[in-house]
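J.: Dumping the structure here so I can ask a few things about it.
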Amino acid sequence: MASDEQTETPLYDKFSAKTYLKSNYSVGADGIPDSHEDWLPWLLNNLKDTFAGGKLSGKRLLDVGTGPAIHNLISAARVFPNITCAEYCQENREEVEKWVRGEEDAFDWAPFIKYVCGLEGDSDWEARQVALRDAIKHVVFCDVREERPLGTFDGGPYDVVSSMFLLSTVGKDRADFDEILSKLGSLVKPGGTLVLVCDLEATHYTDGRVSYPLITLDAPYVRQAVRNCGFKDVQDDILFFRSTEGMNWDGTSYIYLTARKCAE
Ligand SMILES: C[S@@+](CC[C@H](N)C(=O)[O-])C[C@H]1O[C@@H](n2cnc3c(N)ncnc32)[C@H](O)[C@@H]1O
């Protein structure tokens, strides 16, 4: 699918939480998240550095486009005791809620929590699991195309807003990207932090059943777009893939970016 085709979020009504989790979030026999060219260890290490670095303060974090996945909140929950997961697709929200309630058929994130504990030098992964479940206070509907993405849910502004692999999946072009980024940026408190992960140079990905178009982005563009939304101290780390064979995705790299919102 070409990147300039109209992107319709309703495509995400067909999103299968279970298929997505199975194809993206498995763990090898060695207990290490099993991912193409180790992108998951790369991501979890970056999140550990961001949240265990002692530089962020506050209580409340908003994760936008959480999907059915909570791995990117493991390090965050150590610092932020009040987390809101905002997601468009009901099946994804239900999957997160099931995990928070500890239901039997929920996805098993324990290997990811153990892995992150290993990175952080924390031996009590079970306590971290309890703390993460406790920290996820809200799982809410969100549509980032709307003027007020969280609708009547009034939780903002937040100390941290994070969003992984969402921004390039919504909208049809860079103007849409800028607009959605600006809405997310407005949910961050002055002095607060934005944490973003985006695909670079990609036109689509597929979950094996449905192909999702992506806005084609490059790192300089993303950095400048973040600055244009009133952020400074933009820092990033790029993971370049040597090969994308078998990834069902046609990009070149992922960018992990953090930035601090300028004081008003
Ligand atoms: C590629 S998935 C990323 C999920 C998760 N953050 C991760 O890292 O695995 C993109 C997510 O964005 C959600 N999404 C799509 N359109 C959206 C919209 N308009 N508003 C909010 N979320 C949306 C999808 O339902 C999906 O869960």
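Each reported figure results from applying straightforward, stated rules to the coordinates on display, with no laboratory input. Since we're looking at a predicted model, the values are computed, not measured. In this analysis, Cβ positions are derived from the backbone assuming ideal geometry, glycine residues included, and neighbour counts consider all displayed protein chains.
J.: Report, in whole Å, the centroid distance computed from the Cα atoms of the stretch 76-113 and the stretch 161-239.
T.: 22
J.: Next up: Can you tell me the order of 95-105, 224-234 when each peptide is scored by its average per-residue count of other Cβ atoms within 10 angstrom, highest first?
T.: Going by the mean number of other Cβ atoms within 10 Å, highest first, we get 224-234, 95-105.
J.: Give me the percent relative contact order of the chain, please, defined on Cα pairs under 8 angstrom at least 6 residues apart.
T.: 20
J.: Which number do you get for Rg(Cα) / (2.2 N^0.38 Å) in the chain?
T.: So the chain has a normalised radius of gyration of 0.93.
J.: Would you compute, from DSSP H runs of 4+ residues alone, the mean residue ellipticity of the chain at 222 nm, taking -39500 (n - 2.57) per run and dividing by the full residue count, rounded to the nearest 500?
T.: That comes out to -9000 deg cm²/dmol.
J.: Please tell me the relative contact order of the stretch 206-256 in percent, rounded to the nearest whole number, where contacts are Cα pairs under 8 Å and at least six residues apart.
T.: Contact order relative to length: 35 percent.
J.: When each pair of different Cα atoms in the stretch 108-212 is counted once in the 1/r mean, what is the Kirkwood radius in angstroms, to one decimal?
T.: After inverting the pairwise mean of 1/r, the radius is 16.4 Å.
J.: While we're here: Do the alpha carbons of any pairs in 55/114; 22/189; 48/172; 22/55; 18/261; 18/59 sit beyond 25 Å of each other, and which pairs?
T.: Where the Cα-Cα span goes over 25 Å, the pairs concerned are 22/189; 48/172; 22/55; 18/261; 18/59.
J.: Using the Cα centre as the reference, give the magnitude of the dipole from point charges on the C-beta atoms of the stretch 9-261 (Lys, Arg: +1; Asp, Glu: -1; all else neutral), rounded to the nearest 20 debye.
T.: In debye, rounded to 20, the stretch 9-261 gives about 820.
J.: Quick check on packing: order 174-184, 28-38 by the mean number of other C-beta atoms within 10 Å, highest mean leading.
T.: Taking the mean over residues of other Cβ atoms within 10 Å, the ranking is 174-184, 28-38.
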